[in-house]
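Working notes, beginning with the structure itself.
The values are calculated or read from the model by the stated rules, or taken from the named source; none is laboratory data. Only a predicted model underlies this, so the values are computations on that prediction, with no experimental measurement involved. Note that each Cβ is placed from the backbone with ideal geometry, even for glycine, and that neighbours are counted across all protein chains shown. Only protein heavy atoms, including side chains, enter the accessible area calculation; ligands, DNA and RNA are left aside. Shrake-Rupley method; radii C 1.70, N 1.55, O 1.52, S 1.80 Å.
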Amino acid sequence: MTMQRRESLQWMLAAATLPAWSPTGAAVPKPRPTGYGTDPNLVKTYRAGELWPLSFSERQRRCAEVLCAVIIPADEHSPSAAELQVHQFIDEWVSAPYPDHVKDKALIVQGLAWMDAEAGRRFRKPFAETSAEQQHAVCDDICSVAAKTSPRFARPARFFARFRDLTAGGFYTSPQGMKDLGFVGNTPSETFDGPPAEVLKIVGIRPV
Amino acid sequence: MPFVTPRTLQKDYDVIVVGSGAGGGQTAYTLAMEGVKVLMLEAGRNYDIAAETPMFQTYADAPLRGAGTPDKPFGFYDATIDGGWAVPGEPYTRASKEDGRQFEWWRARMLGGRTNHWGRIALRNGPYDFKPHSRDGLGFDWPIGYEDLAPYYDKVEMLIGVYGSNEGLENTPDSPDGCLLPPPAARVGERLVQQRGATLGVPVVPIHRAVLTRPLDHKTIPAKLHPGNERAQRIIAQDMQARAACFWATPCSRGCSIRATYQSTAVHLPPALASGALDIVCNAMAYEVVTDKAGKATGVRFVDKTNGQHELVTGRVVVLAASACESVRILLNSKSAQFLHGVANSSGKLGRYVMDTVGSDLGGQIPLLENLPPHNEDGAGGSHLYAPWWLYQQQAKGQMNFARGYHIELGTGRRMPSMGTAAELEWLNGGTYGRQLKADARRYYGSFAYFSGRGEMIPNEQSYCEIDPAVKDKWGIPVLRFHWQWSDHETRQAAHMQKTFAEIIEAMGGKVQGKAELDGRKAIAAGGSIIHEVGGAIMGSDPQRSVTNAFCQTWDVKNLFITDGAPFASNADKNPTLTIMALAWRAADHIVERLRRKEL
């Protein structure tokens, strides 16, 4: 058996352990949502779920929330991604009707199922109910570039990388995330003076 | 009544202008300021920059955090309406399925067209750029030289407001005193590119962009723009005072509600409307130039998109500025017993020699720029520095394996965090999460440098558009089919870009993201994807081999002009917008003169 085949078999087995109430098990036909079109209002503030319905099940939502908090936890600089409801943004993302988002949905939904299946296998409970130590044990196995080529964790590692990017995207576009990075722009000023002398000195450039 | 409907049209327009972007905007402006009665047809809807521009919205305010989708390919806040690589109901086709032979066509259906989102990079063509065939035997010379267009470059720069500096570099013209606004201070990353580029012989200097780094001089410029025309001077002086200078925030690609950057809707259309000589019909999809028995243009047919009705407007002169390929499409679709192959196509050259810009990009991460103290790098909402082409001498000596050059556009800085800011860091950190990921995000934020090569494509016989024999758009108008092929000059140039960018990144002490692609056929961006498509109705001095003369006037129909990028006889590495405007102003002056002499 090739490695690819073995890993996808494992991935499918994980998906097969999905509880019966998961939406991947029981698809309810709904009218297909459309996107925001080619002429949306650009100056209003949009909320997740406003343009197309969110689609995570309660169990997926819980798993995503906990994973957001593991990927971007609170520290002395900023709150956790879960506190900023980034899991809800990820729900908005995977529920969007565009082709890339539909692809992401397949990856994310199966990945969340794998997280629960893996936590169940190792700790006999859903991922969201495991301890921090147990969460790290699972994430440590799938977070690295190296995991992407391991026969056992290749697909979950792909999921994790995508989920991490979405979490980081949702988090760092928020006011708290922008502040954490030290973004101090998007504010009008009368002059633009360029980099402070201190910055130029660090980089080794003579001030003009 | 500036914005009119087909019901409220007047009967006696001097000039019908199709399109409201850089070419149409400049044409209409110049004509209207001279009191010529102009009707402008715009295929898209009206667009109000004051009310519709998302100036300080953050990505958290947008759906999907502002990331691009098929509805908004350049991101939610991009100032493109009803446009992108695909316009719903308005397809185009491609003759080939092969890699490297694809053409992508970006359109916008809105007042002001693509000028609302453009990069604002406003470079003059240099003297060499008008006589490329004389220099290396490739492509075509223009029937004009730099000296013919220079006075119009001066005027356009003074009207729209362009920052930049005079560096005295080869084939990179200086502007006369009073034309340019001061360039903004360079960002730290740009300074580092400049410092390290110098060690490789790559000159990095202030770029020219159409952004007001200070208010326009409304006291002296109007008289230079409109000598002897006091009314025009008064109107433009007043309008200049209504444009604010840049307040050093918000990306220009969103458009600018304070009118600090050039977009047709901020600069050309308000004073042209204020003159009282311009009427505009929006949602008017032009598809045919109507001619009479004598072979003169009498008007333009269009579909009123609000109700699907077909309408005809008449005028003494017709100017197409619908974008290079759209203008070609209109002409090819204007068939009659007299013009079997489309209007202005007796040469058979209509649709031929479509050119885009050679594009290739590479990015890297620069440890020297990590963990810098927070400071505001928004600046003028785009690049402050760039590298003009620097290897003219080596090319002249035959040391290069491609003809024609490219310039380098830079992307650096602590930009407003977006979906991509802390994504895909694995190539740097191996894949982390938790507190480590947050530390990594802080460390790497603002430490990237991106290089975009933008180079000259030489026109060729295999790159052209024609009418697709089968496919029509939702209005029933036959669509364009694109043929495309690069020559070795372009693909080798793209490979040279990759090699150069990797060298600069390494000279900055940085790491290339991915790897430099040294196979030029893989390194080059698809045709059309740089959105600098020009040609298709090239100007020349021989009616057998070109579509228009030096005044953008078609050889076959003397009261028909084309003032978008279609008449370009070559496509220098310099971004085409400033040249489109300079040519349009020159053509419009010519129209005014000929109308006054009753020759049109």
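Within the range A:148-203, track down each residue that is more than 7 Å from every other protein chain (Cβ to nearest Cβ), assigned to a loop (DSSP other than H, G, I, E, B), under 22 Å from the mean Cα position of the chain (by Cα) and not small (Gly, Ala, Ser). Result: A:ARG152, A:PHE153. For B:PHE74, the conditions (1) farther than 30 Å from B:TYR152 by Cα; (2) open to solvent by less than 10 Å² (accessible area, probe 1.4 Å) all hold with the exception of (2). Within the set B:GLY189, B:GLY197, B:GLY201, the sole residue that is under 30 Å from B:ALA502 (Cα atoms), open to solvent by less than 10 Å² (accessible area, probe 1.4 Å) and out of contact with any Gly (no Cβ under 9 Å at 6 or more places or on another chain) turns out to be B:GLY197.
Within the range B:346-366, the presence of at least one residue that is open to solvent by less than 10 Å² (accessible area, probe 1.4 Å) and within 14 Å of another protein chain (Cβ to nearest Cβ) is confirmed.
Listed here are the residues, each with its yes/no results for (1) open to solvent by less than 40 Å² (accessible area, probe 1.4 Å); (2) more than 14 Å from chain A (Cβ to nearest Cβ); (3) closer than 22 Å to B:ARG259 by Cα; (4) acidic (Asp, Glu).
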{"residue": "B:ALA62", "(1), (2), (3), (4)": "yes, no, no, no"}
{"residue": "B:ASP78", "(1), (2), (3), (4)": "yes, no, yes, yes"}
{"residue": "B:TRP85", "(1), (2), (3), (4)": "no, no, no, no"}
{"residue": "B:ARG109", "(1), (2), (3), (4)": "yes, no, yes, no"}
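Of the set (1) closer than 27 Å to B:MET355 by Cα; (2) touching a residue at least 12 places away in the same chain (Cβ under 8 Å); (3) open to solvent by 40 Å² or more (accessible area, probe 1.4 Å), all apply to B:ALA470 but (2). For the range B:111-137, give me each residue that is closer than 17 Å to B:ILE530 by Cβ, open to solvent by 10 Å² or more (accessible area, probe 1.4 Å) and basic (Lys, Arg). Within the range B:111-137, just B:ARG114 meets the criteria.
Each row is one residue, and each column tells you yes or no for (1) over 24 Å from B:ALA441 (Cβ atoms); (2) touching a Phe, Trp or Tyr at 6+ places or on another chain (Cβ under 8 Å); (3) more than 14 Å from chain B (Cβ to nearest Cβ).
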| site | (1), (2), (3) |
| --- | --- |
| A:ALA69 | no, no, no |
| A:GLU76 | no, no, no |
| A:LEU84 | no, yes, no |
| A:VAL102 | yes, no, no |
| A:LYS105 | yes, no, no |
| A:ALA117 | yes, no, yes |
| A:PRO126 | yes, no, yes |
| A:THR130 | yes, yes, yes |
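Counting only helices (runs of 4 or more DSSP H) wholly contained in the range B:114-214, the ones carrying 1 or more residues that are among the polar types (S, T, N, Q) occupy B:132-136, B:188-199. Filtered by the rule that a residue be touching a residue at least 40 places away in the same chain (Cβ under 8 Å) and either at the interface with chain B (Cβ under 10 Å from one of its Cβ atoms) or surrounded by fewer than 18 Cβ atoms within 10 Å (Cβ to Cβ) (or both), the range A:56-67 gives a lone residue, A:LEU67. For B:LEU169, the requirement of being open to solvent by 10 Å² or more (accessible area, probe 1.4 Å) and modelled with pLDDT of 95 or more is met.
For B:PRO222, the criteria (1) of a type outside the set (A, V, I, L, M); (2) more than 30 Å from B:VAL592 (Cβ to Cβ); (3) open to solvent by less than 20 Å² (accessible area, probe 1.4 Å) hold in every case but one, which is (2).
Within the range A:146-169, is there a residue that is open to solvent by less than 10 Å² (accessible area, probe 1.4 Å), touching a Pro at 6+ places or on another chain (Cβ under 6 Å) and of a type in the set (S, T, N, Q)? Looking for residues that are open to solvent by less than 10 Å² (accessible area, probe 1.4 Å), touching a Pro at 6+ places or on another chain (Cβ under 6 Å) and of a type in the set (S, T, N, Q), one finds none in the range A:146-169, hence no. Taken over the range B:14-31, residues that are over 19 Å from the mean Cα position of the chain (by Cα) and open to solvent by 10 Å² or more (accessible area, probe 1.4 Å) amount to 1. Given the criteria at positive phi and more than 26 Å from the chain's Cα centre (by Cα), does B:GLY398 qualify? Spelling it out, B:GLY398 is indeed at positive phi and more than 26 Å from the chain's Cα centre (by Cα). If you check B:GLU34 against the conditions, is it closer than 26 Å to B:THR298 by Cβ, in contact (Cβ under 8 Å) with a residue 40 or more places away in the chain, over 25 Å from the mean Cα position of the chain (by Cα) and away from every other protein chain (no Cβ under 14 Å)? Yes: the conditions hold for B:GLU34.
Listed by position, the strands (runs of 3 or more DSSP E) contained in the range B:325-444 that have at least 3 residues being modelled with pLDDT of 95 or more and more than 24 Å from B:ARG124 (Cα to Cα) are B:358-365. Summed over the range B:431-448, the residues that are touching an Asp or Glu at 6+ places or on another chain (Cβ under 8 Å), of a type outside the set (Lys, Arg) and in contact (Cβ under 8 Å) with a residue 24 or more places away in the chain give a count of 3.
Going through the range B:41-70 one residue at a time, which ones are assigned to a helix (DSSP H, G or I) and either farther than 30 Å from B:ALA284 by Cβ or of a type in the set (A, V, I, L, M) (or both)? Result: B:ILE49, B:ALA50, B:ALA51, B:TYR59, B:ALA60, B:ASP61, B:PRO63, B:LEU64, B:ARG65, B:GLY66. Looking at B:SER487, B:SER529, can you tell me which residue is without any contact (Cβ under 8 Å) to a residue 40 or more places away in the chain, under 25 Å from the mean Cα position of the chain (by Cα) and more than 30 Å from B:ARG316 (Cα to Cα)? Of the residues listed, the single one that is without any contact (Cβ under 8 Å) to a residue 40 or more places away in the chain, under 25 Å from the mean Cα position of the chain (by Cα) and more than 30 Å from B:ARG316 (Cα to Cα) is B:SER487. Residues that are within 30 Å of B:SER546 (Cα to Cα), under 25 Å from the mean Cα position of the chain (by Cα) and not β-branched (Val, Ile, Thr) are absent from the range B:371-386.
Restrict the check to the range A:43-51 and report whether at least one residue is at the interface with chain B (Cβ under 9 Å from one of its Cβ atoms) and either in contact with a Gly (Cβ under 9 Å, 6 or more places away or on another chain) or modelled with pLDDT under 95 (or both). Yes, some residue in the range A:43-51 is at the interface with chain B (Cβ under 9 Å from one of its Cβ atoms) and either in contact with a Gly (Cβ under 9 Å, 6 or more places away or on another chain) or modelled with pLDDT under 95 (or both). Entry remark, the range A:86-126: residues being touching a residue at least 12 places away in the same chain (Cβ under 8 Å) and closer than 22 Å to A:ALA48 by Cβ number 23 in total.
Filtered by the rule that a residue be part of a strand (DSSP E or B) and either among the polar types (S, T, N, Q) or more than 18 Å from the chain's Cα centre (by Cα) (or both), the range B:71-95 gives B:VAL87, B:GLU90, B:THR93, B:ARG94. Scan the range B:410-438 for residues that are more than 7 Å from chain A (Cβ to nearest Cβ), open to solvent by 30 Å² or more (accessible area, probe 1.4 Å) and among the polar types (S, T, N, Q) and the total you get is 2.
Going by what's in this entry, would A:GLN134 be described as in contact with a Gly (Cβ under 9 Å, 6 or more places away or on another chain) and in a helix (DSSP H, G or I)? Considered against the rule, which asks whether it is in contact with a Gly (Cβ under 9 Å, 6 or more places away or on another chain) and in a helix (DSSP H, G or I), A:GLN134 comes out as no. Looking only at residues of the range B:296-324 that are among the charged types (D, E, K, R) and part of a loop (DSSP other than H, G, I, E, B), we find that the one that is surrounded by the fewest Cβ atoms within 10 Å (Cβ to Cβ) is B:LYS296.
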